[in-house]
Amino acid sequence: MNKVIMFVLPLILFSYGMTQPTFSSTLSDYHHAKQSIIDAPQHLENYRQLKKAYLTLFPVAVPQFKHLFRKLKQTITKMDWHHCLHSSQALLAHNYSHLGGHYAAMICHYESHNKVKAQYHETLLNQWLSLIWTTGNGEREITAFHVSDIDERDTFIELHGLILVSKPTLHKPNLIHALSLIDAQNNAITWYFKLLQREH
């Protein structure tokens, strides 16, 4: 896992012109915010700062970690809780702001009868959801939800018990796109989202 991270970071520095001092400062901000969340998970501002630092470090969604998230979801489908715990830990070691990573960690710890860790990730999961809700209500373009990438968007939708009916063909960063959804009562809903990372 560490080898992948070490391979990705120089590419980002080269592609986006981030100088070493700027990179080091942002990485320090990321780790400081992460530790602040661990120490005081009730403070929402720490989550905002961590996500800001992460998106500065990774303005482009990293394919290796998107693949890891897909594998993580497969472990849940297979009820393979041992590998689920391992995969969620690996994903969160890279990105502690990963909504799906905390959701998976919560499920896997509950299924592994580790209630304390499950409740911890449940707390963080609810805070990450709350952070997205502070960006808007999704009802109009001007109040679109701000999400890191497609995976976070789809996890956010799933956690609200909604079914995705149609997907936009373009996923450009900082552009608003509308999604057609259906709720549990089969009511049609349209939510607007703004992706903050570029997709490959």
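Just so it is clear, none of the values below were taken in a lab; they were calculated from the coordinates. This is a predicted model, so every value here is computed, not measured.
The Rg/Rh ratio for region 125-200 is 0.93, where Rg is the radius of gyration of the alpha carbons and Rh is the Kirkwood radius.
In this structure, the amide hydrogen of residue 60, modeled 1.01 Å from its nitrogen in the peptide plane, lies closer than 5 angstrom to those of 198, counting only residues at least 5 positions away or on a different chain. GNM remark for the chain: springs join alpha carbons under 10 Å apart, and the peak mean-square fluctuation among 46, 137, 187 falls on 187. Cross-link pairs exceeding 31 Å between alpha carbons, from the set 117/167; 73/167; 52/117; 51/117: 117/167. Dividing the mean sequence gap of close Cα pairs (under 8 Å, 6+ apart) by how many residues region 90-197 holds gives a relative contact order of 22 percent. Here's the list of aspartates and glutamates a cross-link from residue 34 could span, going by alpha-carbon distance under 13 Å and ignoring same-chain residues fewer than 8 apart: 45.
Per the Cα gyration tensor, the chain maps to an equivalent ellipsoid with semi-axes of 25, 23, 17 Å, ordered largest to smallest. DSSP bridge analysis restricted to the chain gives an antiparallel fraction near 70%, rounded to the nearest 5. A straight chain from residue 187 to residue 52 at 0.36 nm per residue would run longer than the Cα-Cα distance by 45.2 nm.
Straight Cα distances below 15 angstrom link residue 115 to none of the aspartates and glutamates, with same-chain residues fewer than 8 positions distant left out.
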